[in-house]
Every structure is written in structure tokens, then in C-alpha cells.
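A short worksheet on the structure shown next.
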Amino acid sequence: MTGSYPPVTVPERQVPIPATLSESARAVTAMGSRLTPEPWPPLDDREAVRAFIAERDGLIPPGGAGPMVASCYGSADTGVHCETERIELDDVGVYQAVPDGVTEDDRRVHLVIHGAWISGGGEMARAGAVMTAGALGARTWAVDYRMPPFHPFPTPLDDCLTAYRALLRDHRPEDIIIGGMSGGANLTVATILRARDEGLPLPAAAVVNTPPIDLTKAGDTHHTSHGIDISYDADELETVFQLYTDGHDRTDPYVSPIFADFGKGFPPTVLTTGTRDFLLSDTVRLHRRLLAAGVPAELHVWEGAPHFMFLGMAPEDHERAAQVRDFCERQWAGAEAGRKVAQ
């Protein structure tokens with residue numbers, strides 16, 4: 001999206017890796033871009049696109065599954081053991097992970113939605129449920145939503161709403177927190193908006209990790225972080241956006257929630273991002289919209305962090321997980337206290 005003013009020309013320069021980061025975070029940053037751009041097949045050849053995505057996902061090296069899960073789920077592996085099971089809900093499945101020590105009468109539940117839009121399901125959804133549940137210390141459902149190329153918008157959103165409706169059958173809304181990373185953060189906000197618009201009660205809170213909240217790409221850091229965010233390739237991003245939207249209007253609030261009316265109701269929200277995140281602007285803009293609507297919203301920004309933080313391998317990743325857990329525990333405790341006062 002361009003304006004009437006001419007762009008600012010920035011001279012070529014070198015940007016050092018911040019000495020303020022932990023050693024492991026600096027090592028991840030020094031890796032540079034992990035993307036190896038390859039030409040996509042024609043996007044209207046859905047079988048070829050599916051095969052391309054499957055082949056690329058199959059190239060994850062041994063030991064790389066953990067970082068890939070961290071980048072899709074926005075958490076860090078705490079090593080907590082969880083019991084897992086798959087639950088089928090109409091056309092969508094969810095993986096439930098229950099950490100050791102969480103009892104049946106603990107009704108708190110986190111609905112986590114993976115990022116990427118085109119990857120992160122299947123076995124990775126099970127691993128993501130475990131990683132998220134261990135970090136939060138709470139029962140977690142990971143939505144294994146159907147994905148492009150055969151299931152573009154609105155199917156992933158429909159599947160997330162199906163999972164939320166299922167949770168509402170057995171849980172009070174104040175027991176439920178919805179959260180996600182990247183595309184999952186977009187779906188988190190869109191799911192809550194759609195639930196609200198369809199008359200469902202709001203969850204206790206939302207966890208929104210570095211959301212692509214405006215698919216028109218108007219945000220400043222789409223440009224200023226280009227070449228700085230090692231997780232970001234503009235052509236790759238546009239391809240994913242095209243696969244997800246499938247020609248749908250990108251200003252639809254369920255596609256780009258920045259265009260929604262948050263004054264109609266939205267739960268307390270924590271937002272996370274980093275100073276090198278190409279979606280820093282999207283995250284900040286959403287934070288400002290929530291505050292303007294009177295929604296309690298916290299914004300946490302990590303020094304030097306790109307879009308995927310540090311692949312779950314640095315103290316900064318565990319710090320973010322701890323901040324998110326603290327936020328969720330406060331929201332669950334507040335909701336429970338409010339319920340007891342109302343009785």
C-alpha cells in the first residue's frame with residue numbers, strides 16, 4: 001500500500017547483531033535467513049502446491065522439529081511431560097495435552113492456534129499442544145485446522161470456531177483463553193471477533209504473538225525490517241497471503257482484523273513482538289486499536305527479536321513464555337474471583 005509522498009532512500013549499511021542479546025539469541029540471529037527461496041508452482045495447481053509444501057516440510061533436518069514447532073506456536077519447550085490425545089470434532093481435529101499435575105477439576109483450558117497457515121498441523125500440532133501446555137501449566141487444545149491450498153479462508157477460521165464452540169459445551173467462557181503465533185495470532189483475533197458477532201460469549205483473554213493483522217501490508221515494518229528480520233521474505237509472505245485469502249477481500253475484518261470494530265467487545269489481550277519483527281507495526285497498531293476501544297491490553301517487545309523470536313532456543317524465548325503464563329494466570333484468577341463475587 002503506497003501513499004502520495006515519495007519513499008525515503010536509505011543508504012546501504014551493515015546492521016550489527018545486538019550485544020544486548022543472550023549468546024544463544026545472538027547465535028540464532030547470526031544464522032541469517034533460514035529461507036531458501038525456490039519458485040512455487042502455479043498457485044491454481046493445488047495438487048502441485050500441496051506437494052511443494054509437503055516436500056519443503058519434509059526437509060526439516062533432524063533436531064529442527066523443535067525450533068519449527070516453537071516458530072509455529074510461539075512458545076519454548078519446558079520439557080514438561082503431558083498426556084496427549086486427539087479429539088475429533090466434525091471436520092476438524094484437536095490435540096489435547098494435559099501436563100503432569102493438572103487435575104480433572106482444573107477447568108482452565110488454552111485453545112492454541114498454530115501459525116504459518118500452510119504448515120504446523122498433524123504431528124506438529126500434537127507437539128505444539130505439548131509445548132504450549134507445558135509452558136502454561138494448563139490443559140491445552142491445539143487446533144489441527146484444515147489448510148490451504150485446498151482449504152483457504154474461511155475454512156481455517158471455521159475450524160477454529162468449531163473448536164471454541166466445542167470447548168464452550170464443557171467449559172465456562174472464563175475458563176478459556178485463546179492464543180496463537182503469527183497466522184495463528186491472526187486466527188485468534190478473528191475467531192474471537194466471529195464468536196462475538198455470532199452471539200457466543202467471549203473467552204477470558206487472548207494471547208496474540210506477532211500477528212499479521214493487516215494483510216494489505218500497510219504496516220511500516222513490512223518495509224523497515226526487510227533484510228533485518230531473518231524470518232521474512234517478502235515474496236514468500238505474499239505467496240502465503242495469496243494461498244490463505246484465495247482472492248478474498250483483504251480488508252474483510254475476519255481476514256485483516258485491524259479493520260474490525262473492537263468497541264463491540266474484546267477480551268483482555270497480551271501482545272508480543274520484537275524490534276526486528278517485520279510485524280512489529282501490525283502488533284503495535286493492534287495494541288493501539290485495543291486501547292482506543294477500552295480493551296485492557298499489554299504489549300511486550302523483545303530487543304533484537306525477529307518474527308519467530310529465537311526459535312525457542314534462547315533465554316528470551318523462555319522469558320516470553322513466562323510473561324504469557326503470568327498474563328494467563330492473572331486472567332484466569334481474575335475471572336474466577338469475579339465469578340465468586342457474583343455468586
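One residue stands out in segment 56-83 among those that are modelled with pLDDT of 95 or more and either basic (Lys, Arg) or surrounded by fewer than 16 Cβ atoms within 10 Å (Cβ to Cβ) (or both): the one that is nearest to residue 165 (Cα to Cα), namely 83. Scanning segment 259-288 for residues that are more than 22 Å from residue 320 (Cβ to Cβ) and either touching a Cys at 6+ places or on another chain (Cβ under 7 Å) or surrounded by fewer than 22 Cβ atoms within 10 Å (Cβ to Cβ) (or both) yields 259, 261, 263, 264, 265. Selection within segment 307-325: residues that are in contact with a strand residue (DSSP E or B) (Cβ under 6 Å, 6 or more places away or on another chain) and not basic (Lys, Arg). The member of this set that is nearest to residue 183 (Cα to Cα) is 324.
Any residue at all in segment 89-112 that is part of a strand (DSSP E or B) and closer than 24 Å to residue 28 by Cβ? Yes - at least one qualifying residue is present in segment 89-112. Scan segment 96-116 for residues that are under 14 Å from the mean Cα position of the chain (by Cα) and surrounded by 24 or more Cβ atoms within 10 Å (Cβ to Cβ) and the total you get is 6. Scanning segment 118-144 for residues that are more than 29 Å from residue 315 (Cβ to Cβ) and either of a type in the set (Lys, Arg) or touching a Gly at 6+ places or on another chain (Cβ under 7 Å) (or both) returns a single hit, 144.
Residues considered: 282, 277. Of these, the only one that is at pLDDT 95 or above, charged (D, E, K, R) and closer than 24 Å to residue 203 by Cβ is 282.
Restricting attention to segment 18-33 and to residues that are assigned to a helix (DSSP H, G or I) and of a type outside the set (A, V, I, L, M, F, W, C), the residue that is modelled with the lowest pLDDT turns out to be 29.
Inclusion of residue 170 among residues that are under 24 Å from residue 107 (Cα atoms) and without any contact (Cβ under 8 Å) to a residue 12 or more places away in the chain is warranted. Cβ separations smaller than 6 Å between residues 6+ apart or across chains give the following pairs from segment 306-322 residues that are basic (Lys, Arg) to residues that are crowded, with 22+ Cβ neighbours inside 10 Å: 320/272. Does residue 193 meet the test of being touching a helix residue (DSSP H, G or I) at 6+ places or on another chain (Cβ under 7 Å) and either buried (at least 24 other Cβ atoms within 10 Å of the Cβ) or modelled with pLDDT of 95 or more (or both)? It is true that residue 193 is touching a helix residue (DSSP H, G or I) at 6+ places or on another chain (Cβ under 7 Å) and either buried (at least 24 other Cβ atoms within 10 Å of the Cβ) or modelled with pLDDT of 95 or more (or both). Determine which single condition residue 227 fails, assuming it passes every other condition in (1) outside any loop (DSSP other than H, G, I, E, B); (2) more than 23 Å from residue 125 (Cα to Cα). If we test residue 227 against (1) outside any loop (DSSP other than H, G, I, E, B); (2) more than 23 Å from residue 125 (Cα to Cα), just (1) comes out false. With the structure loaded, tell me whether residue 49 is modelled with pLDDT of 95 or more, surrounded by 15 or more Cβ atoms within 10 Å (Cβ to Cβ), of a type in the set (A, V, I, L, M, F, W, C) and assigned to a strand (DSSP E or B) or whether it fails that test. So residue 49 fails the test.
What residue, of 134, 120, 199, is modelled with pLDDT under 95 and either surrounded by fewer than 23 Cβ atoms within 10 Å (Cβ to Cβ) or in a loop (DSSP other than H, G, I, E, B) (or both)?
Of the residues listed, the single one that is modelled with pLDDT under 95 and either surrounded by fewer than 23 Cβ atoms within 10 Å (Cβ to Cβ) or in a loop (DSSP other than H, G, I, E, B) (or both) is 120.
The values are calculated or read from the model by the stated rules, or taken from the named source; none is laboratory data. Remember, predicted model here, so these are calculated numbers, not experimental data. Quick reminder, even Gly has a Cβ in these numbers, built from the backbone with ideal geometry, and neighbours come from all protein chains shown.
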